[in-house]
Each structure stands twice: as C-alpha cells, then as structure tokens.
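S.K.: Take a look at the following structure, please.
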Amino acid sequence: MSTTVIPAQALPVLLTGPKAPLWWAFVLLLGIESVVFGGLITSYFYLKQASSNWPPAGLDHPELLLPTLNTLVLIASSAAMFYGDRSIKRGSQTGLKIGQTTALVLALVFLTVKYIEYSGLPYDWSTHAYGSMVWTMSGFHAAHVMTVVLKGLVVEALVWKGYFTPQRRLGVQVNGLYWHFVVVVWIPLYFTIYWSPRLF
Amino acid sequence: MTEFVVAEARAAAAPTSERLWRTWDTPPGIIGWFSAVNHRVVGLRFIVTALLFFLIGGLEALAMRTQLARPEAGLIPPELYNQIMTMHGTTMMFFFAVPVMEGLGIYFVPLMLGARDMPFPRMNALGYWIYVIAGVTLYWGFLTGQAPEAGWTAYPPLSQQEYLPGLGMDIWATAITFLEISALLAAVELVVLILKQRAPGMSVNRMPLFVWAILVMSFMIIFAMPAVMLGSVMLALDRLVDANFFDPSAGGHPLLFQHLFWFFGHPEVYIIFVPALGIVSSVLPAFVRREIVGYTALAVATVLIGFVSFGLWVHHMFTTGVPLLGAGFFAAASTIIAIPSGIQIFAWLATIWSARRIVWSTPLLFVIGFVILFTLGGITGVMVASVPLDWQVHDTYFVVAHFHYVLIGGAVFPLFAALYYWFPKVTGRMLDERLGKWNFWLMFIGFNIAFYPMHHLGFAGMPRRIYTYLPGTGWQDLNLLATIGAFLIALSAAFFLLNVVRSLRNGAVAGNNPWGAPTLEWATPSPPPPYNFAAIPSVRSRDPLWSQAELADAEPGAGDPPHPDAEPLVVELRDDRRETVGTSTLDGVPESRIVLTTPSLWPLLVALAIGLTFIGAMVTLWLVPVGAFLTFVGLAAWHWPSNRGYEL
Ligand code: HEM
Ligand SMILES: [Cu+2]
C-alpha cells in the first residue's frame, strides 16, 4: 500500500465562499446580530402586550412618509454596493469607485435624515418605556449604519489606491455582505416601529 | 520552570522542525508576552485565569459559610453578605465556569483535530484580554466598596437606581455585557475551527465526543449570550440614562428582564455542563480500555440537550404569576431534558460495565463521582420542574442544594477529571496519584456534607440569600454541618494546589501518551511544540491512536516513515509561514491551506479600547464614542493589508 501525498501547491489558499473560514465566521456573526435584533423586536412586543396604551396616550402614530423614503434610500445604498462588487468582479475599477462612493453617500443621507427625524420627536428614551424601546432600536441600528460607513471609508481608501482586483476583492465582498445585512435587518425594525402601531 | 520543559522539548524536536519552530514561536520578552496569539498560550491563560476566579469565588463561599455556621453570627453585616453572595454567583458562573470550558476547548480541540492553530488566532487573544479587563473591573469595584448586591440574577426593581444607588450595579451591568463579547468571540472561533479544520479523514462521525460537546456549547453561546447582553444593556440604560424598560410606572415591565435573563440563564447552565459531558465521554475510554459505548447516541443526545435547553427558561419563573398553561408547557419540557441526560448516563454505565480492565486513576474517580452527583442533582431538577413543588421550595436552600449538585457535581468534578487527565499534555509532567486521591475523596465527601443537608434546610423553610437566622428555627445543626463540608472542599482544593506545585517541580515525566489514550492530542509530544504537529495526522477511525499504527508508534515530528500497513495521507504545508489544513465540513477531505495570523499587540489594544467604550459609559457617556472610535482605528490597523498578499 502506498502513501498519498498532497503537495502544498495543490491546495489553494481560499479567501472566499463556504470553504473559507472567514465566510463561516461571518455567517455566525450575522447569526449573533440577528439574535440581538430579534431580541429587541420581541422585547418591543412583550412590552406592548403588557401595556394598556402603547404608544402612550397623547402620541400620534409615528409619521410614515419621511421614514419610508429614508428606508428606500437605505435600500438603494445596498444596490449601489452590489453594483460596485459586480463591477470589480468584471475588472472595472471605475464601476467599483462609483458603486462604493454612491453607497457611502446614500448611507450618510440616511443618517442625516434619521437625525432630523429623531431630533423632532416629542419624546425621548426617558419619557416612557415606549420611548426607550424606539430610541434603542433605532439607535442601535444607526450605530450599525455608522459602523458600515466607517468600514466603508477604509475600503474606499483601498479602492482609490487601486488595491482590489477581480481575484483580490474579499474586502469588498465581506464589507458588502455586512452592508446588505444592516440594510435587510432595518426592514423588520421599520415595520415594528412605524407600521405595527397602526396594524395592531 | 515551564521554560525548562519547553527547552527540553525543543531539543527533542528533529532538526527539520527548527524552521517550523521559528515560524510558530511566540516572540520573546514582555511585548512578546502581550502579543501572543497561539491557541495553546491563549487557552492556557483562559484556564489558569478561570481557576484563579474559582479560588476567589471559593473564598467568598467560605466567608458566607462561616457567617452561616451559627445563628446570629455577627461576622459579616447584611450589606456585605449580599455583596459577597452576588460576587460569588457572578464570579462562579460568568468568570469561572464558562471561561474554563472555553479555555479547555481552545487548548485541546485543535490538538484533538490535528490542527496547528485556530482559524483566527488574534481574535482568540482579543477574547482573552476582554475577559481579563471585565474581571479586573468587577473586582476593582468590589475592593473599592462598589459591589453589586442584587444577586447574580440582578432582577429589577431591586437592581434599579432607586433601590441600589451607587456604581456597584452599573459595574455589574457593563462588565457582564462586555464579558459576553469574549464568550461570543471564542464561540465563533470554535465553531469555525471544528467545521473547517479537522484532520484529513476526520468526518463528523469520527470527531471525539469532547469536540461534539464544544461544538454544541459554542452554538448555545451564540444563541444565548446576546439575550443577557440585551438585558444587561437595558438595565444599564435604565440606570445610567433614565430609560424605562423595567419601570412599570412608565409602561415598562420588570419581568422583561427575567425573560431575557433566563432565556440566557437556563442554557448557561448547559453551556457549562455540556462540555463536562464531553470530558466524561473522552476521558472514560482510556481508563476502561475500550471505546465508548453508544457514540452516536451520545453525540445525538448532546445536540438534543443543546436544543431542548432553549425551551425551558420559564421554569425559573413559575412563581412570578406566569399563566398556568404556559407554566405547564415549560414543566413538561423541563422533564423531557431528563431523557437525553439519561441516555448519556446509561451509555457511560454500559462503557464502565463492559470495561476490558479498569484503571483506577484519579480522572476516573472524578468521572464516577460526577455520575453519582449529577444523577442526584438531576433528580432534584426533575422535582423542581413540577410547578406545585417549585412553589413550595422556590428561593429556599433546596434550590441552592439542587444547583450546586448540578454545577459542582455536573461541571466541577468533570473539570477536575480533565485537569488530571490533560495536565501531563500541558506540562509534560504527571500529577501525583496519592495526592490526587486525597483531592478526590476530600472533595467528594466534603461536597456531600456541605450540600446534602441543604435539601433538608430548604424543606424546613430556610430561604436562600439570607445573611443570618434566629436560634429557634432548628436550622443550626445542619448549617454547621454544611460549613464543615465547605471547609473540607477547601482542604481538597489545597491538596490540588500542592499537587500542581510539586508536579511542576519534579513530577514524573509524562511522555507522549501516558494514559494510552486513543485521540490525536496524545500523538504529539508533551508539551507539544508551538506548531502542535510537524506532520498533520490523517485519520481513518474514531480512535486513531488505537487503530493506526503510524500514529501510535512514531512521534510525529521526528519524521518517521509511516507504518507499512497504513495508508496515511500526507498534506504538505509551508514551514515559513503559519499554515494549517482546511478540510470539508462533513467528510474532512482536505480542500485548502489556511494561512493564519501572526502575534500582534493589536488584540490587547483593541480590547482596551472596547473596555473604554463600555466601562467609560459609567463615568461619562462621552467616553462611548471616544472608545468606539479608538476601537475602530485599532481594528482598521489590525486588518490593514500588509504586503503578504493573502489578507483581505
Ligand atoms: C466550592 C464550593 C462552594 C460553596 C461552599 C458554595 C456555597 C454557596 C453559598 C453559601 C451560596 C449562598 C446561598 C445564599 O445565600 O442564598 C452560594 C450561592 C451560589 N453559588 Fe455557590 N458554592 C460553591 C461553589 C459554587 C460553584 C462552583 C458555582 C458555579 C459554577 C456556584 C454557583 C453559585 C450561584 C450561582 C449562587 C447563587 C448566588 C445568588 O443567589 O445570586 N457555587 N454558594
Ligand atoms: Cu433552568
């Protein structure tokens, strides 16, 4: 019988996809984050069912128009991100630059609108439990948007240095995945905060 | 002294390994010490630090038992008692039991898998530093008179600002939130390690049961810890910025905290206990000289325990007025967990029953002690799972007896089995058997004297969390007995320490495989070289060292040719950078080389920055953005691509 030898060069150094450790770590990170966001939404509804007036008496239903437009802005940033990643996959540095930069700008618009929206609210976290919940959910999510913006700036710097190539684009990819997650997770939060008081 | 053993091992390694050694060695000096990332360095630090916390928590227990030895003892005033009790529970659960199991996983799982290191070594180091900073913060508060005093469960309203002003509870809430980041990092790392870095040929159904257990523990951490983080963050927000999550007068609800806490808290007990199950299943075969009975049943039962334990949390809340129908559901679910636990017990009994030969060494004694005590704790567990009985004994010493039987019987006894079993691998020296037997018997007898009477005290109506009691209650004899037992446990711990110190000085030299055990960690020298395995072993059975001659005979590292009747698979790796083999998730087929990161100071610096974010929040909220920004800068520097060309 013989010994099978796999020489070092025969095995690739994998950087992406389900064969790479980083991909798994990333999925698990998203799992953790999902539990946290899920816990926030569950807490919201727990307090809602335990309370006889939620949102508290005297408060109108949350305004819909501005947050809805803002949600669309956030979704658009995800599309821009996707476009950038697809461009570099095909070797287009310009496409990558356009995609990354647009996404960053849209995320900054989202944050600014959020700031305007929340500075106009008639209550804050210390007014009542409803306020604590809404501010925490929005604030926690906004902190995530800020994180992806900061991360995006680092990637942006590398983009302008021309660091990425069709082969070497894990940075773009991972940053993009997390970006999409932050966008997607906003949608249940959006429904909880802005629609659930109207629906039930 | 460990220096000396390492030097010995280096001399023993073949000259071809010299380059590997240089690639994998931790840099010397104080900076090197702070930048170490190798899994065995970090794992050992976790274990030693956790044992230190065990010692501290034990001293706190002795203080409480001394106060309770007789009625109306004036040793410890009520407030201080509450603080000590809270610190004991918090220390034992958060700072000892979980980290020690993570440490065992970080140290031994890569060895059992034939890997050279974990997938993200720097993340490992980051987790360790976070753990240390959280522990130092909590104890700094305690020593400066700012201790939490609402019990390890920190229920509001007691834990709210109105009732417990001062920094103590703030420190608790922030330290716990912060600490759980460390547990989550370790969990992510362990899952990825187990899924992607098993030795070639190690399909999932050949994984050692300890590895199964660590896998389940890690998944449980991932789903449970975020809940307690959420709870403790809400508590901190209520206290620090006047939020109202738990304040009923402003539409909040104190029970929300209990739900969040126990959604974590019940699995927490199993996070501690599942690795202990793995230890038992992995230690047993070496001492009964046969493979484990019911491998598949044991693995499946471990996974089931993990799942079911998430559906039990309300049994801690039977007395809070939850609807009876709900309580009934959780009572039934709680009894169901006895089934997978029972399967495990019977598989071990069958293994012992059918032993080829029983080797009565200290690890086996601790395993048998575990089986007995855990069964007793399990029985009282099934008892309190029934709602009417729980109403009677809730918050009495019956519960204190129950959970110490499960926690000490179910986790500390297996832990000691593990310490005796793996000490030779870590240090190259055997622990002494005679001192080990003293250690075991004192602990076993002391434990039962300390905690068995508490069942009766509970039935006699003694509430938990009281700093003293009146003479006429009839509780004093059993309390005195319990205190004597606690001191016997302390004595047994002293024997353990003595044993460790003596062994490090002049214990018998262990060799690669002193117990004749079947798993891969024994196929490499003790202590292993920094790269663990010079040649990555390949595996063709569940008990490779018993069935693959080339592993049992040769010292991998010496570069011996494989045994003729074997068909080993050799995967070549580069020796000038840190590489290990990546294998497929289910079948363990080699599919990539994983390039690992090198020692670095960034993990420590990032841990300090994260610490500033959390702990600074207590001083002024302005420190939160500052800390967060520093964290971000640190992380960016850590990940900034170098010209090595494989990062990012
Ligand atoms: C080494 C021997 C130990 C002794 C003598 C001991 C003794 C005690 C005592 C006297 C209490 C206070 C009961 C009360 O006032 O209500 C207590 C509480 C507790 N112990 Fe231990 N203990 C020991 C080890 C452990 C270990 C290893 C763990 C966990 C792994 C643990 C976890 C706890 C917890 C969670 C509490 C509840 C604290 C609270 O009520 O908030 N103990 N223990
Ligand atoms: Cu429980």
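S.K.: Would a scan of the range A:84-91 turn up a residue that is touching a residue at least 24 places away in the same chain (Cβ under 8 Å), over 25 Å from A:L121 (Cβ atoms), among the charged types (D, E, K, R) and assigned to a loop (DSSP other than H, G, I, E, B)?
M.R.: Yes.
Table: residues versus (1) without any contact (Cβ under 8 Å) to a residue 40 or more places away in the chain; (2) within 9 Å of another protein chain (Cβ to nearest Cβ); (3) surrounded by 17 or more Cβ atoms within 10 Å (Cβ to Cβ).
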position	(1), (2), (3)
A:S132	yes, yes, yes
A:W135	yes, yes, yes
A:V149	no, no, yes
A:A157	yes, no, no
A:W160	no, no, no
A:T165	no, no, no
A:L170	no, yes, yes
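S.K.: Kindly indicate the residue of the range B:305-329 that is away from ligand 1 (no atom under 16 Å from the Cβ), of a type in the set (F, W, Y) and in contact (Cβ under 8 Å) with a residue 24 or more places away in the chain and also farthest from the other protein chains (Cβ to nearest Cβ) among those meeting that condition.
M.R.: B:F318
S.K.: Hey, any hits in the range B:391-410 for a residue that's within 16 Å of ligand 2 (Cβ to nearest atom), touching a Ser or Thr at 6+ places or on another chain (Cβ under 8 Å) and among the hydroxyl-bearing types (S, T, Y)?
M.R.: yes
S.K.: Can we say B:F451 is in the same structural domain as B:G381 (by TED's automatic domain parsing) and either farther than 30 Å from B:E591 by Cα or touching a Gly at 6+ places or on another chain (Cβ under 8 Å) (or both)?
M.R.: Answer is yes for this residue.
S.K.: If B:E102 satisfies every condition in (1) surrounded by fewer than 24 Cβ atoms within 10 Å (Cβ to Cβ); (2) under 23 Å from B:A175 (Cα atoms) but one, which is the exception?
M.R.: (1)
S.K.: Which residues, taken from the range B:63-86, are crowded, with 19+ Cβ neighbours inside 10 Å and over 29 Å from the mean Cα position of the chain (by Cα)?
M.R.: Passing the criteria: B:Q67, B:L68, B:I76.
S.K.: Can I ask one more? B:L365 - would you say it is within 16 Å of ligand 1 (Cβ to nearest atom), in contact (Cβ under 8 Å) with a residue 24 or more places away in the chain and over 25 Å from B:L230 (Cβ atoms)?
M.R.: Criteria not met by B:L365.
Residues checked against (1) more than 22 Å from B:V191 (Cβ to Cβ); (2) more than 14 Å from chain A (Cβ to nearest Cβ); (3) within 11 Å of ligand 1 (Cβ to nearest atom); (4) free of Cβ contacts under 8 Å to residues at least 24 places away in the same chain:
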residue	(1), (2), (3), (4)
B:P77	yes, yes, no, no
B:M87	yes, yes, yes, no
B:M112	no, yes, no, no
B:Y131	no, yes, no, no
B:T137	yes, yes, no, no
B:Q161	yes, no, no, no
B:D170	yes, yes, no, no
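S.K.: Could you give me the residue pairs with C-beta distances under 7 Å whose first residue belongs to the range B:569-584 and is more than 7 Å from chain A (Cβ to nearest Cβ), whose second residue is polar (S, T, N, Q) and outside any loop (DSSP other than H, G, I, E, B) wherever it lies, and which are 6+ apart or on separate chains?
M.R.: Pairs found: B:D575/B:T23; B:D576/B:T23; B:R577/B:T23; B:R578/B:T23.
S.K.: Right, next: Is at least one residue of the range B:40-55 within 16 Å of ligand 1 (Cβ to nearest atom) and either within 14 Å of chain A (Cβ to nearest Cβ) or not in a helix (DSSP H, G or I) (or both)?
M.R.: Within the range B:40-55, not a single residue is within 16 Å of ligand 1 (Cβ to nearest atom) and either within 14 Å of chain A (Cβ to nearest Cβ) or not in a helix (DSSP H, G or I) (or both).
S.K.: Right, next: Name the residue, out of A:V13, A:V5, A:V27, that is touching a Lys or Arg at 6+ places or on another chain (Cβ under 8 Å), surrounded by fewer than 18 Cβ atoms within 10 Å (Cβ to Cβ) and within 14 Å of another protein chain (Cβ to nearest Cβ).
M.R.: A:V13
S.K.: State the number of residues belonging to the range B:451-492 that are more than 27 Å from B:W391 (Cα to Cα) and modelled with pLDDT under 95.
M.R.: Result for the range B:451-492: 0.
S.K.: Kindly evaluate B:A297 against the criterion of being within 16 Å of ligand 1 (Cβ to nearest atom) and in a helix (DSSP H, G or I).
M.R.: no
S.K.: Would it be correct to say that B:M207 is within 16 Å of ligand 2 (Cβ to nearest atom) and either buried (at least 24 other Cβ atoms within 10 Å of the Cβ) or under 30 Å from B:T580 (Cα atoms) (or both)?
M.R.: So B:M207 fails the test.
S.K.: If you don't mind, another one. For the range B:344-389, which positions are of a type in the set (A, V, I, L, M, F, W, C), outside any helix (DSSP H, G or I) and in contact with a helix residue (DSSP H, G or I) (Cβ under 7 Å, 6 or more places away or on another chain)?
M.R.: B:A355, B:I358, B:V359, B:A385
S.K.: Would you check if B:V269 is among the β-branched types (V, I, T) and within 16 Å of ligand 2 (Cβ to nearest atom)?
M.R.: Considered against the rule, which asks whether it is among the β-branched types (V, I, T) and within 16 Å of ligand 2 (Cβ to nearest atom), B:V269 comes out as yes.
S.K.: Another question, then. Is there any pair with a first residue in the range B:172-198 that is closer than 14 Å to B:E102 by Cα and a second that is charged (D, E, K, R) and modelled with pLDDT of 95 or more whose Cβ atoms are under 6 Å apart and which are 6 or more apart or on different chains, and what are they?
M.R.: Final answer for the pair search is B:A186/B:E102.
S.K.: Please pick out the residue among A:Y123, A:Y118 that is within 13 Å of chain B (Cβ to nearest Cβ) and under 18 Å from A:L59 (Cα atoms).
M.R.: After applying the criteria, what remains is A:Y123.
S.K.: Please specify each residue of the range B:321-348 satisfying the condition of being among the small types (G, A, S) and within 12 Å of B:V308 (Cα to Cα).
M.R.: B:A332, B:A333, B:S334, B:A338, B:S341
S.K.: Quick one: how many residues across the range B:302-313 are among the aliphatic types (A, V, I, L, M) and crowded, with 22+ Cβ neighbours inside 10 Å?
M.R.: 2
S.K.: Does B:F273 satisfy the criteria of being surrounded by fewer than 22 Cβ atoms within 10 Å (Cβ to Cβ) and under 19 Å from B:A227 (Cβ atoms)?
M.R.: Judged against the criteria, B:F273 is not a match.
S.K.: Next up: Identify, please: which residue in the range A:54-72 is touching a Phe, Trp or Tyr at 6+ places or on another chain (Cβ under 9 Å) and loosely packed, with under 15 Cβ neighbours inside 10 Å and is, among those, nearest to B:F246 (Cα to Cα)?
M.R.: A:H61
S.K.: Going through A:S43, A:S87 one at a time, which residue ends up being surrounded by 16 or more Cβ atoms within 10 Å (Cβ to Cβ) and away from every other protein chain (no Cβ under 12 Å)?
M.R.: Testing whether each residue is surrounded by 16 or more Cβ atoms within 10 Å (Cβ to Cβ) and away from every other protein chain (no Cβ under 12 Å) leaves just A:S87.
S.K.: If the Cβ limit is 6 Å and pairs must be 6+ apart or interchain, which residue in the range B:510-535 that is outside the structural domain of B:V109 (by TED's automatic domain parsing) pairs with which residue that is among the aromatic types (F, W, Y) and in a loop (DSSP other than H, G, I, E, B)?
M.R.: B:T524/B:F533
S.K.: Something else about it: Residue by residue through the range B:409-447, note down the ones that are part of a helix (DSSP H, G or I), closer than 13 Å to B:S361 by Cα and among the aliphatic types (A, V, I, L, M).
M.R.: If the condition is that a residue be part of a helix (DSSP H, G or I), closer than 13 Å to B:S361 by Cα and among the aliphatic types (A, V, I, L, M), then B:A417, B:A418, B:L419, B:L435 are the ones that fit.
S.K.: Kindly indicate whether A:G58 is within 9 Å of chain B (Cβ to nearest Cβ) and either closer than 27 Å to B:T585 by Cα or out of contact with any Asp or Glu (no Cβ under 6 Å at 6 or more places or on another chain) (or both).
M.R.: In short, no.
S.K.: Consider B:G251 against the criteria (1) away from ligand 2 (no atom under 16 Å from the Cβ); (2) at pLDDT 95 or above; (3) within 14 Å of another protein chain (Cβ to nearest Cβ): it satisfies all of them except one. Which criterion is unmet?
M.R.: In the conditions (1) away from ligand 2 (no atom under 16 Å from the Cβ); (2) at pLDDT 95 or above; (3) within 14 Å of another protein chain (Cβ to nearest Cβ), B:G251 misses (2) alone.
The values are calculated or read from the model by the stated rules, or taken from the named source; none is laboratory data. Quantities reported herein were computed from a predicted structural model and do not represent experimental measurements. Glycine also receives a Cβ, built like all others from the backbone with ideal geometry; neighbour counts cover every protein chain displayed.
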